[in-house]
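As structure tokens, the structure follows; a few thoughts come after it.
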Amino acid sequence: MARPSNFPPPFSARDYVTEPTDPADERIEVGVLVVGAGPAGLACAIRLGQLLEEHPEMAERLGEVPVAVLEKGKQPGSHLLSGAVVDPRALRRLFGERFRMEDLPSYGPVPGESVYVLTRRAALPIPPPPPMRNHGNWIFSLSQLGRFLAERAEEAGAMILPETAAQKLLVSHGRVLGVRTGDKGRSREGGELGNFEAGSDLMAKVTVLAEGTQGHLTGVALDRFGLRGDEPQVWELAVKEVWKVAKPLDRVIHTMGWPLRTNKRYREFGGSFIYPLGDDMVTIGLVVGLDYRDASLSVHDLLQELKTHPKIRKILAGGERLEWGAKTIPSGGFHSLPRELHAPGLLLCGDGVGMVNVPRLKGVHYAIESGRLAAEAAFRALQRGETPASSLSSYDDAVRDSFIWSDLYEVRNMRQVFGRGFFVGGALASAMTMSKGKVELGKMRAEPDADQPLLVTDRAASYPKPDGKLTFDKLSSVFASGNKTRDDQPNHIRIERRVPREVAQLWEHMCPAQVYEIGREDEDGTVMVDLAPSNCVQCGAITAKGGRLTPPEGGSGPEYSAT
Ligand SMILES: Cc1cc2nc3c(=O)[nH]c(=O)nc-3n(C[C@H](O)[C@H](O)[C@H](O)COP(=O)(O)OP(=O)(O)OC[C@H]3O[C@@H](n4cnc5c(N)ncnc54)[C@H](O)[C@@H]3O)c2cc1C
Ligand code: SF4
């Protein structure tokens, strides 16, 4: 049986590590450089701003730009996509007296909740298991929260550079010195167009990578500095839509079961979420573990199928789809965390290093908390006037002392147990939850998602036909993401182009944005995979399943506004 990992992409982390190349007087110097304007990166910039306000002499020492934040999306928030029911702990710590939860752009506290086990026609309500209890949490659109946090970061003195992708890690004598940004205005073949702009070397005393899931330079740094954890990281793929609805939804809903299959052979793990966004909108999403084995599984199409369930159809009745998007979620948990979260001159935060509590479907508060702790560690090191490896190690200590560590430890095998099938996995997960993680299952091994041997079924035949009202095809979904990737830029997706048909089928069905198409078949039975990279919404699934996503030209990709 074919495995995607047998066909590795033409990609080497070494190609993305370089010494600075710009002449010394053309390099851009900043104090702390944050890569990624997500909750982790923006919390880091905000906290640094607070500290520098209290210590103006330090701001002075850090030069003209004490804090800079790079964001590859058109603006902060453009690439942010989440549920998002947020545990308010980290936001409260970050803002203290400055803002109350009521002052943030939320849709209010969770009003109530239901959990259902679905079959094709029925919905069996069950008492919410502890991880799905959301009393006291708040509902947000992460892309809106991101824009709010970016404004606060700018007020606190950070310079935000949107439409700028960090392409390469600048390393000299074993120390991270900053990043090189990507070129703009190259043709498909790599030539310089009329509007060509070369990337720049951005030099920093401390670089904080807060790139979120499948972070490009985070992956490069984990390899360069040998930081990978004992267990491989694994991911889920989530596809979601935002709907305008006729009737308000009065609670958050989670579902398990259909349209996923419970048979262990398929390794299908996941569930859906439906959250109210005020009185006239809801967000609905389906999350599926990428260790699934059926090459004909498409999370995009399973979400379309889910919406045809009588229970869910009723919620959306008379409504209209406003937005669509997709993103991966790291789900390996505690055992997949890197061995260390720092290297000389470098700190790593948030989803990039897998700080997600999968049974709770929560990572925003860990991202914010880790960003805040990274800011404090960077500040401490800079105050002492040094950034050698050991001076940033206080960040690791702070994370280990925080709720990020204790929470993730409590659910440490939660994702791995579902490799044993839905029912056995469910029983083990319940035992872990009831005992608050005291049940010792030992360290359960996870296999990389791309190592799963593939099988092919006729699952795709039963996906609903798109009607353009309730159910949609992939291309109209890409349109609803606001994707603005230039058609003629260089291909940013690395895959082995000639593969067995099952692997090509896997990529074709998996990609929610219709980037891959099966082309010509050769005499040896392998097929050519054709690519439409400009459809890509940068969800990251291809990196989990045997290829590698690299950042396209800054400003490309989706334009999320309500996700
Ligand atoms: C569908 C879905 C539902 C979820 N539901 C919830 C929920 O209800 N509650 C919850 O708490 N969590 C939820 N999560 C998880 C949560 O969204 C993440 O844990 C959180 O967003 C992580 O924050 P981050 O800052 O680490 O990364 P991100 O939010 O991914 O932000 C990273 C930012 O960095 C930018 N970036 C990345 N690489 C580069 C680069 N090389 N150069 C420049 N910019 C770069 C990206 O464009 C992005 O803006 C959900 C996730 C998904 C996908
Ligand atoms: S091509 Fe882009 S959208 Fe498609 S799976 Fe890969 S990262 Fe996701």
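The values are calculated or read from the model by the stated rules, or taken from the named source; none is laboratory data. In this text the structure is predicted, and so the values were computed from the model without any measurement. Glycine gets a Cβ as well: all are built from the backbone with ideal geometry, and neighbour counts include every protein chain shown.
A single member of Gly555, Gly525, Gly547 is modelled with pLDDT of 95 or more and away from ligand 2 (no atom under 12 Å from the Cβ), and it is Gly555. For segment 185-230, a residue qualifies if it is over 25 Å from Arg27 (Cα atoms) and basic (Lys, Arg), and the qualifying residues are Arg188, Arg228. Out of Gly36, Gly41, Gly49, one residue alone is on the phi > 0 side of the Ramachandran plot and away from ligand 2 (no atom under 16 Å from the Cβ). It is Gly36. Residues that are assigned to a strand (DSSP E or B) and of a type in the set (D, E, K, R) were ranked within segment 163-178; the one that is nearest to ligand 2 (Cβ to nearest atom) is Lys168. Here the condition is being modelled with pLDDT under 75, under 30 Å from Arg92 (Cα atoms) and of a type in the set (D, E, K, R); of Lys436, Lys362, it holds for Lys436 alone. For segment 107-152, the strands (runs of 3 or more DSSP E) that sit wholly inside it and include 2 or more residues that are surrounded by 19 or more Cβ atoms within 10 Å (Cβ to Cβ) are 113-118, 138-140. Condition test on Arg228, is it in contact (Cβ under 8 Å) with a residue 12 or more places away in the chain, part of a loop (DSSP other than H, G, I, E, B) and touching an Asp or Glu at 6+ places or on another chain (Cβ under 9 Å)? Criteria not met by Arg228.
Any idea which residue in segment 313-336 is farthest from Glu502 (Cα to Cα), counting only those that are more than 15 Å from the chain's Cα centre (by Cα) and buried (at least 21 other Cβ atoms within 10 Å of the Cβ)?
Only one residue fits best here, namely Leu316.
Within segment 231-283, restricting attention to residues that are over 22 Å from Val115 (Cβ atoms) and in contact with a Ser or Thr (Cβ under 7 Å, 6 or more places away or on another chain), the residue that is surrounded by the fewest Cβ atoms within 10 Å (Cβ to Cβ) is Pro232.
Which one of Val499, Val529, Val503, Val515 is closer than 21 Å to Ile329 by Cβ and either aliphatic (A, V, I, L, M) or more than 16 Å from ligand 1 (Cβ to nearest atom) (or both)?
Val515
Number of residues in segment 194-225 that are away from ligand 1 (no atom under 15 Å from the Cβ) and part of a loop (DSSP other than H, G, I, E, B): the value is 2. The residues of segment 341-357 that are away from ligand 2 (no atom under 16 Å from the Cβ), farther than 14 Å from Ser82 by Cβ and outside any strand (DSSP E or B), listed by number, are Leu341, Pro344, Gly345, Cys349, Val353, Gly354. Restricting segment 459-492 to residues that are among the polar types (S, T, N, Q) and crowded, with 20+ Cβ neighbours inside 10 Å leaves a set whose member that is farthest from Ala317 (Cα to Cα) is Gln489. For residues that are surrounded by fewer than 18 Cβ atoms within 10 Å (Cβ to Cβ) and either assigned to a loop (DSSP other than H, G, I, E, B) or touching a Ser or Thr at 6+ places or on another chain (Cβ under 9 Å) (or both), tally how many sit in segment 89-106. Adding up the residues that qualify gives 6. The residue list Asp351, Asp396 contains one member that is among the acidic types (Asp, Glu) and either within 13 Å of ligand 1 (Cβ to nearest atom) or surrounded by 22 or more Cβ atoms within 10 Å (Cβ to Cβ) (or both), which is Asp351. Only residues that are of a type outside the set (S, T, N, Q) and within 11 Å of ligand 1 (Cβ to nearest atom) were counted across segment 542-563, and they come to 8.
Pick from segment 260-298 the residues that are among the hydroxyl-bearing types (Ser, Thr, Tyr) and in a strand (DSSP E or B): which of them is nearest to Arg501 (Cα to Cα)?
Ser272
For the condition more than 16 Å from ligand 2 (Cβ to nearest atom) and hydroxyl-bearing (Ser, Thr, Tyr), Thr207 qualifies.
For segment 231-259, give me the residue count where each residue is within 20 Å of Gly332 (Cβ to Cβ), hydrophobic (A, V, I, L, M, F, W, C) and in a loop (DSSP other than H, G, I, E, B).
1
Within 27 Å of Ala165 (Cα to Cα), modelled with pLDDT of 95 or more and not acidic (Asp, Glu): which single residue out of Val86, Val115, Val67, Val110 fits that description?
Of the residues listed, the single one that is within 27 Å of Ala165 (Cα to Cα), modelled with pLDDT of 95 or more and not acidic (Asp, Glu) is Val67.
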